[in-house]
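Input: a single structure, listed below in structure tokens.
The values are calculated or read from the model by the stated rules, or taken from the named source; none is laboratory data. What you are looking at is a predicted structure, and each value in this text was computed from that prediction instead of being measured. With ideal geometry, Cβ positions are generated from the backbone for all residues, glycine too; neighbour counts draw on all protein chains shown. Each accessible area value is taken on the protein alone, full model and side chains, heavy atoms only, with ligands, DNA and RNA left out. Shrake-Rupley method; radii C 1.70, N 1.55, O 1.52, S 1.80 Å.
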Amino acid sequence: DVKVTQSSRYLVKRTGEKVFLECVQDMDHENMFWYRQDPGLGLRLIYFSYDVKMKEKGDIPEGYSVSREKKERFSLILESASTNQTSMYLCASRQGTNYGYTFGSGTRLTVV
Amino acid sequence: AQSVSQHNHHVILSEAASLELGCNYSYGGTVNLFWYVQYPGQHLQLLLKYFSGDPLVKGIKGFEAEFIKSKFSFNLRKPSVQWSDTAEYFCAVRDTGFQKLVFGTGTRLLVSP
């Protein structure tokens, strides 16, 4: 069965810390995505990646960066965490344009 | 920019009632359409998708959706809900010219036994 694994289920970080959220997929998918999920706002795209070392900004990239050095791994980086980045972060991957997304279980990040 | 509207934020139904969740999108070109479900404490799962062909799409667990191009709609239906359908449901649209998927704000469904 296909899998998208997010390294942490829950994280608590302090304001100003640099935070790394890791996502690994075992399906050899080229496309990977980072969303944040907030009540009443649905899922909003932060960044996505077509392929290794390729990245594109989504709808809310401010305060975030990403890294994709290997095909299976897509990292989301919060350069200096702030309380308004407290959220559920979802990683997803996709085999190609004619397929749906496979989501990870999410990382619930709290910034205090 | 594309947008997706889900009209109902919260829906409460009794078991065996029929379900219809609305979804409208703003883009006028060729689109791919999806419904995802998130059960309590679980990750998002694909319920069904539409790319082309028959506008009535059947998905898992007895769900179906109908694409009505003239109305820019892709409503989700189930003739008889069960308690286990309690979940949050998300409609999503992808403009075929772009890679990204745009999600609606979600509808929380509570089915009472």
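Only residues that are among the aliphatic types (A, V, I, L, M), within 25 Å of A:P39 (Cβ to Cβ) and assigned to a strand (DSSP E or B) were counted in segment B:59-93, giving 5.
Among the residues of segment B:76-104, count how many are of a type in the set (S, T, Y), out of contact with any helix residue (DSSP H, G or I) (no Cβ under 9 Å at 6 or more places or on another chain) and surrounded by fewer than 17 Cβ atoms within 10 Å (Cβ to Cβ). Within segment B:76-104, residues that are of a type in the set (S, T, Y), out of contact with any helix residue (DSSP H, G or I) (no Cβ under 9 Å at 6 or more places or on another chain) and surrounded by fewer than 17 Cβ atoms within 10 Å (Cβ to Cβ) number 1.
Restricting segment B:14-27 to residues that are part of a strand (DSSP E or B) and open to solvent by less than 30 Å² (accessible area, probe 1.4 Å) leaves a set whose member that is nearest to A:T97 (Cα to Cα) is B:Y25. Take the conditions (1) more than 14 Å from chain A (Cβ to nearest Cβ); (2) open to solvent by less than 70 Å² (accessible area, probe 1.4 Å); (3) farther than 19 Å from B:D95 by Cβ; B:G41 misses just one of them, which is (1).
Yes/no per residue for (1) basic (K, R); (2) surrounded by 18 or more Cβ atoms within 10 Å (Cβ to Cβ); (3) not in a loop (DSSP other than H, G, I, E, B):
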{"residue": "B:I12", "(1), (2), (3)": "no, no, yes"}
{"residue": "B:G29", "(1), (2), (3)": "no, no, no"}
{"residue": "B:K49", "(1), (2), (3)": "yes, yes, yes"}
{"residue": "B:D54", "(1), (2), (3)": "no, no, no"}
{"residue": "B:V57", "(1), (2), (3)": "no, yes, yes"}
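Taking segment A:81-112 as the search range and keeping residues that are exposed (fewer than 15 other Cβ atoms within 10 Å of the Cβ) and modelled with pLDDT under 90, which one is farthest from the other protein chains (Cβ to nearest Cβ)? This residue is A:G96.
Take the conditions (1) within 11 Å of another protein chain (Cβ to nearest Cβ); (2) in a loop (DSSP other than H, G, I, E, B); (3) surrounded by 18 or more Cβ atoms within 10 Å (Cβ to Cβ); A:H29 misses just one of them, which is (1).
Of all residues in segment A:34-80, those being within 9 Å of chain B (Cβ to nearest Cβ) and either open to solvent by 20 Å² or more (accessible area, probe 1.4 Å) or part of a strand (DSSP E or B) (or both) number 13.
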